[in-house]
1. Would you say residue 404 is crowded, with 22+ Cβ neighbours inside 10 Å, of a type in the set (D, E, K, R) and more than 22 Å from the chain's Cα centre (by Cα)?
2. Quick one: which residue in 199, 145, 132, 173 is touching a residue at least 60 places away in the same chain (Cβ under 8 Å), hydrophobic (A, V, I, L, M, F, W, C) and not in a helix (DSSP H, G or I)?
3. Scan the helices (runs of 4 or more DSSP H) fully inside region 224-325 and keep the ones with 3 or more residues being out of contact with any helix residue (DSSP H, G or I) (no Cβ under 7 Å at 6 or more places or on another chain) and in the same structural domain as residue 172 (by TED's automatic domain parsing).
4. Tell me which residues, restricted to region 99-115, are among the hydrophobic types (A, V, I, L, M, F, W, C) and surrounded by 12 or more Cβ atoms within 10 Å (Cβ to Cβ).
5. Within region 463-474, count every residue that is closer than 13 Å to residue 495 by Cβ and in a loop (DSSP other than H, G, I, E, B).
6. In the set 363, 437, 348, which member is within 20 Å of the chain's Cα centre (by Cα), at pLDDT 95 or above and surrounded by fewer than 18 Cβ atoms within 10 Å (Cβ to Cβ)?
7. Which residues, taken from region 69-112, are in contact with a Lys or Arg (Cβ under 9 Å, 6 or more places away or on another chain), closer than 25 Å to residue 324 by Cβ and in contact (Cβ under 8 Å) with a residue 12 or more places away in the chain?
8. Name the residue that is surrounded by the most Cβ atoms within 10 Å (Cβ to Cβ), counting only residues in region 60-98 that are among the hydrophobic types (A, V, I, L, M, F, W, C) and either under 19 Å from residue 125 (Cβ atoms) or in contact with a Ser or Thr (Cβ under 6 Å, 6 or more places away or on another chain) (or both).
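The values are calculated or read from the model by the stated rules, or taken from the named source; none is laboratory data. These numbers were taken from a predicted model, which means no experiment stands behind them. Here the Cβ positions follow ideal geometry from the backbone for every residue, glycine too, while neighbour counts run over all protein chains shown.
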Amino acid sequence: MKALFLPLMLLLAATPGMAANLTGNWVAAQPLADGTARRTYFNLEQDGSHISGTIRTNQFYYTITESTGSPADFTIIGTEQDGKTTRHVTYKGKLVGDELQVSTRRRPNAPLIEMVAHRAPTGEGAMPARLALPPLHDVPYNGLAKTPPMGWNSWNKFASKVDDASVRQMADAMATNGMKDAGYVYVNIDDTWQGERDAQGNIHPNKKFPDMKALADYVHSKGLKLGIYSSPGPNTCAGYEGSYGHEDRDARTYAAWGIDYLKYDWCGARNIYKAEDMQAVYQKMGDALQAAGRPIVYSLCQYGLDDVWKWGPKVGGNLWRTTGDIRDSWASMSKIGFSQSDLAPWAGPGHWNDPDMLEVGNGGMTDTEYKTHMSLWSMLAAPLLAGNDLRHIEPSIMAILANRDVIAIDQDPAGHEAQCLWHSGEQEIWVRPLSDGSHAVALFNRAADSAKITAKWADLGFRSAPQHARDLWLHQDITLDGPEYSSVVPGHGVMMLRVYR
């Protein structure tokens, strides 16, 4: 009887649709050059030809909403709803023995990504349980960022390719090419620096950053400051280790390394917490930074959700993102920059609205458009964080980034943010009061063609006509005469004045 039973089981196992079953927890680990691995988790349940379950990859957590095929050839579509944004991901695959072979594309025209998943213990890769949040209270102001922070950030140009060598080279360039002298001091490492946590829960950098303390010492030796990046979620935007449940430990680690600036990105927390939890979530890290024993600028990055400008200072924030991510294009920059006027009441010394980093010099806009970018950010009292390659910078781009007259507007100690006080069609005039009684006046032409723009002083709130001004891009003084001033402004361009009464 035993002799008949075993061959029968082998026959059944070989029968298509009988033994092959996708039900279970699967993990695909793709090794990366930095010594970490990008893991994708498939928690699947097969019921006949129907496949349900979840997919977790990077900071995304999808619910399977469609499926077709069989274990030998299947397609699953995952859907994630994040507020107003709906995302979809499609995986095609097949079960071959004990391996789940799957492929996907991050974008329709992107290269095919192929991976092999193996069965994992039940629960591995599941979204962590929601941790209890502290009662709300006001975190004391840390005394930092009395003017908008100025420096450089790695993401716009380098993204995941940032490493120790490139950060040192940026510090070298900033210290010698005139940017430090113009006020740029922070050298900020964005996402992808993180490695694994040790048995005690301490975060360690990955292979790209062999010694973060030594790197901080090097940057400090140049008279500059070092910044770093994390997330209140279990993962960062790029899928690296976040600070979830380790806020106090991470803050102490940053302080021990000599970190001077923390960008704290919401990405990985949105699958655990709701928008109304943000204040308490960011307060946790604000408290941790206060207790760490080192002055660290606290940058909140959560894209302007939940009216962050109303509570950012209460959690210890020195600046907070007011928008989604900027791109190196006129459409992106102008949409973001010209939408900020209503937020002016919330800016001031130590606490700044942040419309995201500068794209000046990355090649997607003209020099005229980059001048508008720099002018608008300075009128907005925005942080000035360059995002280009400082090692290879054209003189025309350096002239934009290091324009002392324009930077003086951004860094004005009164900390007032400009507002749009006049517009007609695609022409706008923004005005910013300054600490010495003068005003910054920017004539913006958002149209593609040149246009004449007239500033009527009475319409802009001036009780009397100003006597003279300085053109901040031509570096020339101008004598003003009469109740108005007109100038032809190039398409997508700006005329920026400092007006004295």
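1. No: the conditions fail for residue 404.
2. 145
3. Hits in region 224-325: 247-257, 278-291.
4. 100, 102, 113, 115
5. 3
6. The unique qualifying residue is 363.
7. Answer for region 69-112, where residues must be in contact with a Lys or Arg (Cβ under 9 Å, 6 or more places away or on another chain), closer than 25 Å to residue 324 by Cβ and in contact (Cβ under 8 Å) with a residue 12 or more places away in the chain: 78, 79, 80, 82, 83, 89, 90, 104.
8. 76
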